[in-house]
Structure formats: C-alpha cells, structure tokens
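Please read the structure below before turning to the comments.
The values are calculated or read from the model by the stated rules, or taken from the named source; none is laboratory data. Since this is a predicted model, take the numbers as computed values, not measurements. Heads up, the Cβs are rebuilt from the backbone with ideal geometry, glycines too, and the neighbour counts pull from every protein chain shown. Just so you know, the surface numbers come from the protein's heavy atoms only, side chains and all, with ligands and any DNA or RNA stripped out. Shrake-Rupley method; radii C 1.70, N 1.55, O 1.52, S 1.80 Å.
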Amino acid sequence: MTTIFDKIIRRQIPASIVYEDDLTLAFKDVNPQAPVHLLVIPKEPIPQLAQAEPSHQALLGHLLLVAQRVAAEVGLTNGYRLVINNGQDAGQTVFHLHIHILGGRPLAWPPG
Ligand code: DGP
C-alpha cells in the first residue's frame, strides 16, 4: 500500500529532509510534538514493526544508527527519545515503519 511517506521518498510531495542514504530517509515531522521532531524511515515500505522479518535485521539496526547520527547532527546533546508507534492502540497513523526522534525539551515519562 502506498503511503504519504512513499511520496516523500519519491519527492512527489515536499518534506524538510535532514538525512538520506541508500536505505533510509530522515525528515522533519509535519506536526511536531517537541522542538525537535524528526522521522527516520526505511525506503523499503515495511508497514509496521510487527511486519518486520529476520531479513530486516541489518536494516533495523541501520535505522537506529541513523537516528543516533541525526540526533547528534541536530545538536540533541541533552538527550532525546526514540518512539515507534505500532498499530492502532499506539496511535500509528502512517503505515510505513518510522522512528520518531523527539527532543529539545524535557520529555515526560510515562508517555500517554
Ligand atoms: P505515527 O502516529 O507514529 O504513525 O506518526 C506519523 C507521523 O507522521 C505524525 O507525527 C505526523 C507525520 N506526518 C504525517 N503526514 C506527514 C507528511 O505529509 N509530512 C511529514 N513531514 N510528516 C507527516
């Protein structure tokens, strides 16, 4: 199923892209929940974490390292939070796997 994130990957709709490599893309969330709110996505359209497979092991690790790199590049030296919403109860709205990077303010715990 095509999602809005496929369109961002294909440059069919604009996004503020902060990082790209062969396997991943990172861009600003259009509806930021913190002063810094970025999304890191695989270019492969895995709908959600629950549908990732053992063959995605390296890609999933790469996504975390990209998140680490992007967080450092945007200056989140005081900390940040990574979030993956999986499915309805977690409030997932875009069914293309993505990691939220949230930072730039203290973040409450537990999340809602
Ligand atoms: P989730 O609830 O985990 O599925 O989060 C999806 C996020 O995607 C949400 O924080 C808003 C963001 N988003 C939705 N549509 C667009 C878009 O067209 N552009 C950008 N940059 N972000 C989007």
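Residue-wise HN-Hα couplings along region 3-19, as the Karplus relation 6.51 cos²θ - 1.76 cosθ + 1.60 with θ = phi - 60° gives them from phi, are 10, 4, 6, 4, 5, 5, 4, 7, 6, 7, 10, x, 7, 7, 7, 10, 7 Hz; Gly and Pro carry x. At 1.567 mPa s and 4 °C, plugging the Kirkwood radius over alpha-carbon pairs of region 1-40 into Stokes-Einstein gives what diffusion coefficient in µm²/s? Rounded, D is 121 µm²/s. Placing unit charges on the Cβ atoms only, positive for Lys and Arg and negative for Asp and Glu, gives the chain a dipole magnitude near 300 debye about its Cα centre. Name the shape class, rounded, prolate or oblate, that the alpha-carbon gyration tensor gives for the chain, where a ≥ b ≥ c are the square roots of its eigenvalues, rounded holds for a/c under 1.5, and otherwise prolate holds if a/b is larger than b/c and oblate otherwise. The shape class here is rounded.
Sorted from greatest to least, the principal axis extents spanned by the alpha carbons of region 39-103 come out as 32, 26, 15 Å. Rounded to the nearest whole Hz, the Karplus-based 3J(HN,Hα) values (6.51 cos²θ - 1.76 cosθ + 1.60, θ = phi - 60°) of region 80-89 follow the sequence 6, 10, 9, 10, 10, 8, 10, x, 4, 5, with x at glycine and proline. Amide H to amide H, with H built 1.01 Å from N, Val18 comes under 5 Å of Ala26, Phe27, Lys28, counting only residues 5 or more places away or on other chains. Annotation: per residue accessible area for the chain equals 61 Å², rounded to a whole number [probe 1.4 Å, protein chains only]. To the nearest 10 degrees, how steeply does helix 57-73 sit against the main Cα axis of the chain, on a 0 to 90 scale? With rounding to tens, the tilt is 40 degrees. What a 1.4 Å probe finds exposed on the chain is 54% carbon and sulfur by accessible area, rounded to a whole percent. Normalising the average separation of contacting C-alpha pairs (under 8 angstrom, six or more residues apart) by the number of residues puts the relative contact order of the chain at 31 percent.
Counting charges near Asp21 (Lys, Arg +1; Asp, Glu -1) among other residues having Cβ under 14 Å from its Cβ returns a value of -2.
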